[in-house]
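Everything on this sheet refers to the single structure shown next.
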Amino acid sequence: MAVVSWMEILLLTGLVVGCYWNSLSCGFVFDDVSAILDNKDLRPATPLRNLFLNDFWGTPMAEERSHKSYRPLTVLTFRLNYLFSELSSASYHLLNVGLHSVVCVLFLRFCRLFLDKTSSLVAALLFAVHPIHTEAVTGVVGRAELLSSIFLLAAFLAYTRSNGADQSIGETTFTVDLHQYCPPFTLPMLLDTLLQVLRGKDGFPYAVLQTLLKLIVLIISTLLLVIIRVQVIQSQLPVFTRFDNPAAVSPTPARQLTFNYLLPLNAWLLLNPSELCCDWTMGTIPLVESPLDLRNLATLAFYSLLGLLAFHSLRHSHSSAKTVLMALSLIVLPFIPASNLFFPVGFVVAERVLYVPSMGFCVLVAHGFRIISHKRHLKKISWLMIGVLLATHAVKTFNRNWDWESEYTLFTSALKVNKNNAKLWNNVGHALENQNNYEKALRYFLQATRVQPDDIGAHMNVGRTYKNLNKSKEAEDAYLVAKSLMPQIIPGKKYATRVAPNHLNVYINLANLIRTNDSRLEEADQLYRQAISMRPDFKQAYISRGELLLKMNKPLEARDAYLRALELDSTNADLWYNLAIVNIEMKEPSEALKNFNHALELNPRHKLALFNSALLMQESGE
């Protein structure tokens with residue numbers, strides 16, 4: 001019976017609060033900005049149904065720029081936070097700390113099914129303080145991992161309560177499968193059937209039939225979930241650049257060798273979380289391009305250890321083998337979608353996706369502690385070692401939270417671990433840029449271009465900063481370098497390359513810069529048209545081109561540009577206002593007034609629309 005006392009609940013909760021109370025002073029950083037600060041789905045004015053139509057960041061799933069991360073329940077909890085405290089970051093962090101406490105208590109109940117009272121508590125304590133969890137707990141967007149873990153453990157506990165704890169391996173697989181929605185994960189259920197054979201239990205035919213029926217139901221339900229998932233993402237994969245996951249676009253064997261090397265690297269982060277980093281993309285981990293690379297030894301050692309543990313678990317039927325198999329299931333199965341082994345994902349390493357796999361790691365450590373502590377001459381040293389481990393992990397977690405205080409502290413801490421990631425240099429530059437410290441920001445942006453010379457975004461950042469420093473010539477040179485790195489259109493051939501939408505801003509930024517010179521207006525227009533030719537649904541290009549055409553005294557073409565932009569975004573009040581200005585230029589006061597009113601319907605506080613519509617009505621005598 002998975003009984004947890006009130007004293008144990010208070011102990012775990014107190015430990016979590018002690019490790020994470022300083023996270024309440026942290027702000028919104030990194031992905032929190034897009035998921036919370038910039039996400040309109042959190043606002044009460046947004047219909048609730050939008051949560052089920054948009055991705056995690058509030059972008060419609062049908063749009064190509066959508067990340068395709070579909071987590072409506074997590075966004076709903078953000079919306080509840082906003083309802084009570086709007087954008088006060090402390091409340092968001094407080095709820096995350098509370099959810100982590102709930103996970104720790106549920107994990108203790110889970111461990112009680114196959115570990116003794118002491119070792120199960122050790123596993124839960126280690127899980128509560130493990131530093132790898134700071135990204136999932138202190139980073140607000142990590143709430144997705146916290147919630148999924150609660151559902152995973154709760155489903156398992158409910159399932160075992162109705163079927164008996166002796167079925168634990170099969171139930172673990174079942175709930176992990178439901179959690180991950182992936183048919184290949186049903187394979188361990190077959191292992192459950194084989195274990196029934198090896199153990200030679202009474203009533204075996206019934207056990208086999210029961211397991212096979214569960215397997216059939218699971219496969220059917222999982223296939224249905226996959227079909228629903230494909231429909232949700234509009235049968236499109238998100239657009240990632242080669243910088244997000246360099247190995248994903250690398251040739252054989254570099255791709256396979258690198259992806260397999262990432263497995264021991266993730267395992268090392270669980271074993272030794274001393275150098276944590278918020279971003280592992282770009283040049284953080286050099287590609288493993290040759291079988292002779294010494295890092296392949298780590299891959300070989302990892303698979304050898306994993307194979308030995310699996311062999312031990314499947315060969316023997318005693319409780320120790322069962323515990324190891326449970327731990328391996330928790331480590332391996334939830335991690336497979338993020339492993340890059342079967343399909344590429346938009347990151348190289350992400351510490352928050354180790355939240356559930358770390359449960360299996362904690363079970364292994366606790367199981368090892370139980371074995372060692374039962375040896376009389378090692379009992380004291382085992383308690384000393386586990387005490388030191390818990391204390392050092394708790395201190396590391398507490399200190400790591402301070403890194404998440406602001407974007408500047410987060411990315412500068414990451415640079416201490418890895419200086420080969422241009423994204424980190426760029427992000428420190430962005431943090432300084434937000435403080436209007438352009439001179440210092442420029443140094444970081446320039447360093448990013450040196451670390452990754454072909455990073456389009458870094459050169460764009462340099463150009464924008466030079467512009468803010470009123471150095472137009474240097475800004476134009478930087479934008480031209482960025483433009484030269486863009487995929488080139490070959491005359492007579494269809495343009496098929498998928499480009500990251502933010503990279504297309506190089507054409508907008510360069511055109512906006514040079515159009516201040518009246519002799520270069522045609523050149524600026526050519527840049528806008530080039531951006532549109534690469535992405536016909538690039539709304540900002542139409543908006544900027546409309547402004548330019550109006551300046552060039554071409555109101556008819558400007559109107560066409562704004563109308564095309566409105567086809568892409570009919571809820572943009574500024575666009576209706578701009579169209580009204582074009583109507584005024586074309587001597588169409590009635591159309592102008594109608595479009596001003598459209599703008600005011602969308603944004604009643606649109607000052608320019610209010611002023612100009614009032615002026616227009618006054619002039620027309622209305």
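Quick notes on this one:
Per-residue answers, yes or no, for (1) in contact with a helix residue (DSSP H, G or I) (Cβ under 7 Å, 6 or more places away or on another chain); (2) under 18 Å from residue 543 (Cα atoms):
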| position | (1), (2) |
| --- | --- |
| 588 | no, no |
| 591 | yes, no |
| 594 | no, no |
| 599 | yes, yes |
| 605 | no, no |
| 615 | no, no |
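- The residues of region 44-53 that are in contact with a Phe, Trp or Tyr (Cβ under 9 Å, 6 or more places away or on another chain) and more than 15 Å from residue 73 (Cα to Cα) amount to a single one, 44.
- Considering each residue of region 451-466 in turn, none proves to be farther than 29 Å from residue 516 by Cβ and among the small types (Gly, Ala, Ser).
- Positions within region 377-392 being under 22 Å from residue 323 (Cα atoms) and either exposed (fewer than 12 other Cβ atoms within 10 Å of the Cβ) or without any contact (Cβ under 8 Å) to a residue 24 or more places away in the chain (or both), in sequence order: 378, 379, 382, 383, 385
- When residues of region 393-445 are limited to those that are more than 24 Å from the chain's Cα centre (by Cα) and in contact (Cβ under 8 Å) with a residue 40 or more places away in the chain, the one nearest to residue 286 (Cα to Cα): 393
- The set of residues in region 296-324 being surrounded by 16 or more Cβ atoms within 10 Å (Cβ to Cβ) and among the basic types (Lys, Arg) consists of 322 alone.
- Region 10-30: number of residues that are in a helix (DSSP H, G or I) and in contact with a Cys (Cβ under 9 Å, 6 or more places away or on another chain): 4
- Hey, residue 577 under 20 Å from residue 542 (Cβ atoms), without any contact (Cβ under 8 Å) to a residue 24 or more places away in the chain, of a type in the set (Phe, Trp, Tyr) and part of a helix (DSSP H, G or I) or not: no
Rundown of residues vs (1) assigned by TED's automatic domain parsing to the domain that holds residue 579; (2) of a type outside the set (A, V, I, L, M, F, W, C); (3) modelled with pLDDT of 95 or more, yes/no style:
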site: 477; (1), (2), (3): yes, yes, yes
site: 481; (1), (2), (3): yes, no, yes
site: 486; (1), (2), (3): yes, no, no
site: 492; (1), (2), (3): yes, yes, no
site: 496; (1), (2), (3): yes, no, no
site: 501; (1), (2), (3): yes, yes, no
site: 504; (1), (2), (3): yes, no, no
site: 510; (1), (2), (3): yes, no, yes
site: 517; (1), (2), (3): yes, yes, no
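- Failed item in (1) modelled with pLDDT of 90 or more; (2) in a helix (DSSP H, G or I), with residue 288 passing the rest: (2)
- The one condition in (1) in contact with a Phe, Trp or Tyr (Cβ under 9 Å, 6 or more places away or on another chain); (2) modelled with pLDDT of 90 or more that residue 16 fails to fulfil: (1)
- Residue selected from region 559-580 under the condition buried (at least 21 other Cβ atoms within 10 Å of the Cβ) and of a type in the set (A, V, I, L, M), by the criterion nearest to residue 611 (Cα to Cα): 580
- Residue check, residue 334 over 23 Å from residue 417 (Cα atoms), within 22 Å of the chain's Cα centre (by Cα) and outside any helix (DSSP H, G or I): yes
- Whichever residue in region 134-167 is farther than 14 Å from residue 77 by Cα and touching a Lys or Arg at 6+ places or on another chain (Cβ under 8 Å) and, among such residues, is modelled with the lowest pLDDT: 157
- Every test in (1) on the phi > 0 side of the Ramachandran plot; (2) part of a helix (DSSP H, G or I); (3) not acidic (Asp, Glu) is passed by residue 58 save one, and that test is (2).
- Candidate set: region 109-123, residues that are modelled with pLDDT under 95 and of a type in the set (A, V, I, L, M); chosen: the one farthest from residue 363 (Cα to Cα): 113
- When the residues of region 2-32 are filtered to those that are β-branched (Val, Ile, Thr) and surrounded by fewer than 17 Cβ atoms within 10 Å (Cβ to Cβ), the one that is farthest from residue 161 (Cα to Cα) is 17.
The values are calculated or read from the model by the stated rules, or taken from the named source; none is laboratory data. Source: prediction; values computed, not measured. Every residue, glycine as well, gets a Cβ built from its backbone with ideal geometry; the counts of neighbours run over all protein chains shown.
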